[in-house]
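Computed from the coordinates by the stated procedures, all read-outs in this text should not be read as laboratory data. Remember, predicted model here, so these are calculated numbers, not experimental data. Cβ coordinates were reconstructed from backbone atoms using ideal geometry, including for glycine residues, and neighbour counts include every protein chain displayed.
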Amino acid sequence: MLLKSLWPVDRETERALLASRQFGEKPFVALLPQEVADGMDVTLSSNRYLVSRRVVDPEGWSIVVMGRTERILLYRSTGVILTILICTFIIIPLIVNYKTARSAELLRESEARFRELFNAMNSGVIIYRAKDQGKDFIIADINPAGERISQVKKQDIVGKTVAEVFPGVRETGLFDVLQDSWKTDAHKYHQVSLYQDNRISHWVENNVYRLTSGEIVAIYDDVTERKRMEDEIRALSITDQLTGLFNRRGFLTLAEQQLKIADRAKKALLLLFIDLDGMKWINDNLGHKEGDHALIEVAAVLKETFRSSDIIARMGGDEFAVLAVDMTEGNTAISMAVEMKDPYTAGHQRRTADLARSIATEMGMCSSLRMSYFTAKYMKPAMGARKKSPKMTESL
């Protein structure tokens, strides 16, 4: 028997193997020119083989499996093709389905959070869809706060245009803000404005946004109560609490506005400074309560004498001022002074008439004046004149 080995063995190893008689006495003939290793590509009998070798004991005995390269390539190609098919028709669809399901779940969670926030907001929220490239807007949704503020029902307004539901939207300027936000894709603030229609009347403040979907969101609040309080505070800041007339601050503020209007319209104004005589005697002998009554009655005389469009103010103490608007050169100063001197024509009681006769007055015609000039030329000299000449009634 001729024993063959895959690779050559040295003389010592060959003698040891022959001496052991495990393989008989025939010599060893190597099939390969060198020792092979796992994963080596070898040629044997004109065929290519891929070697798989595993050492099984410390002496170097190995199990060697040789497979023809062509078959292995075929197996590998088949495995690759099967892997691709499995990935294409099983694994990838599973991954896609998982991601789709997860995305849908996340979307549902997001929508649930949005809806919860949407419904819980104290501010009104209306979502609009643009129509005809922003020429009009359709109501897509409204939250409960919006229903309460606008006094509407969601089922009655969804699908309608903004003008159908809110006829006064153009007059307030909000429609232009909606268009501007849709065109510029930017947040727009619409300042506090009075909205009125045949259903509601209230002051509203709006913030308008454009969503990535192209929809427009208007977040708004009814600030009617806040506006009322602001107006009350403003009225208190410019009103004399005792007489109900304007105070010095209110007079100067409104007088400045009327001077600007008169300047543009080329109209004259009549300025009067009025001082009540005998106030010290009343306070000292009859008490401050009676002094307050005297000031209140003087205010009533002035209200009866002048028009509602005229600015009547208590400047402080027993000093009053009137700015009569829309005056002409020949109609006024003397006629008003006479009317003030004869309050019986206004239907006042005798005591009020006596008080009115003690009013000292200084008049001046002014037109097209700046406020600083008005103050310097008319107010300061007139107030100084009153101090120097307490009684000026006869000069009228």
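The figures follow:
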quantity	calculated
Cβ charges +1 (Lys, Arg) and -1 (Asp, Glu), total dipole of region 121-226, debye	180 debye
Long-range amide H partners of PHE137 with built H, under 5 Å	LYS131, VAL162, ALA163
Most to least packed among 38-51, 193-206, 168-181 [average Cβ atoms within 10 Å]	168-181, 193-206, 38-51
For MET315, distant residues with modelled amide H under 5 Å away	PHE320, ALA321
Taking only Cα atoms of region 72-210, radius of gyration then Dmax in Å	25.0, 88
Signed unit charges on C-beta, dipole axis of region 121-226, positive-most listed residue LEU178, TYR189, ILE127	ILE127
Added length on full extension, which subtracts the Cα-Cα distance from 0.36 nm per residue, ASP41 to ILE81	12.1 nm
Amide proton proximity set for ALA30, modelled H, under 5 Å, gap of 5+	SER5
Extended-chain gain in nm, criterion 0.36 nm per residue less alpha-carbon gap, ALA163 and GLU12	43.6 nm
Span from the region 158-179 Cα centroid across to the region 63-134 one, whole angstrom	42 Å
Extension gain (nm, one decimal) between LEU94 and ARG264, 0.36 nm per residue minus Cα-Cα	53.3 nm
Residue-by-residue Karplus 3J(HN,Hα) for region 148-153, coefficients 6.51, -1.76, 1.60, Hz, glycine and proline x	5, 5, 8, 6, 9, 10
Spacing of the two label points (7 Å from each Cα toward its C-beta) at ILE63 and LEU254, in nm	11.2 nm
